[in-house]
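Contents: one structure, followed by commentary.
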């Protein structure tokens, strides 16, 4: 899909240099950048959903497995 957007001149120049250095087209560079950005922010949504689910778990159970699982999920870098 074709699209257009505005970015500051200095960022455009830096992106142009990086695309040349990586031997990528401008379109490929921007596509990869947007894909990475979306993936990083989608992970935040997954983390938020997991945190919400954890809050709904019965807090009266204090088993080792539950505590270990919660600790692992909190340390996981999505």
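Read-outs: derived from the displayed coordinates by stated rules, not from any lab. This is a predicted model, so every value here is computed, not measured. Note that we place each Cβ from the backbone using ideal geometry, even for glycine, and neighbour counts take in every protein chain shown.
Here are some notes:
- Between the Cα long axis of helix 26-56 and the first principal axis of the chain there is an angle of about 10°, rounded to the nearest 10.
- Relative protection proxy for 1-10, 63-72, from highest mean packing down: 63-72, 1-10 (other beta-carbon atoms within 10 angstrom).
- When Kirkwood radius over Cα pairs in Å is computed from the coordinates, the matching label among (i) 16.1; (ii) 12.7; (iii) 13.4 is (i).
- Helix 9-22 and the longest principal axis of the C-alpha atoms of the chain enclose an angle of approximately 90°.
- Stretching the chain fully between residue 50 and residue 10 yields a gain of 10.5 nm (0.36 nm per residue, less the alpha carbon separation).
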